[in-house]
Amino acid sequence: MIKFQDIKVGDYLMADNDGDKLTGEVTNLNGDEKQVCVDTGTQEFWFETSQLSAIPLDESQLTMLKFSKQENEDGTVKYMKGAFRILLPAKGNFNTMEIWYRDEKRHILQPISVHQLQNHFYEMTKVHLTDVPFS
């Protein structure tokens, strides 16, 4: 379950609509009712936070978010989108990572989900992380 206060408009989440799990983008938040409106690509629906789950961050998600990949000689892997960088200690190891944008650097010491990366990205760049190319 995701805490309501951790969800931002623009975040990608997995929504459970009566057993049908759909990936979608948060389009609106209702703070009074603690409900989240998610656009699943065909329609917008309102969900309780108990119906939402995080999308684990992995290479396929970074590819969908239009990051380019660079495998380094030392075994580390760097993902890039504009001036934003993600450095993994080893290929496929998303347990820890270093992220940076210009002069700000953050060390992430546990696996994170797509919406958490989106929130870091926004805090650092002031631009929403979407599947649209960024420069």
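Each value in this text was obtained by applying a stated rule to the coordinates, not by laboratory testing. None of the values given here were measured: they were computed from a predicted structure. As a convention, Cβ positions derive from the backbone with ideal geometry for all residues, glycine included, and neighbour counts pool all protein chains shown.
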When only DSSP loop residues count, what trypsin sites (Lys or Arg not before Pro) in the range 45-123 have their Cβ near at most 10 other Cβ atoms within 10 Å?
Arg102
How far, in nm, would the chain grow between Ser50 and Asn93 when pulled straight, counting 0.36 nm per residue and subtracting the alpha carbon separation?
12.6 nm
Rounded to the nearest 10, the angle in degrees between the Cα long axis of helix 114-125 and the longest principal axis of the Cα atoms of the chain comes to 70 degrees
Specify the inter-centroid distance of the range 91-114 and the range 1-79, based on alpha-carbon positions, in whole Å.
17 Å
Ordered by number, the GluC sites (Glu not before Pro) in the range 1-61 that occupy a DSSP loop and have at most 14 other Cβ atoms within 10 Å are Glu33
Taking a ≥ b ≥ c as the square roots of the eigenvalues of the Cα gyration tensor, with a/c under 1.5 meaning rounded and otherwise prolate when a/b exceeds b/c and oblate if not, the range 59-125 is rounded
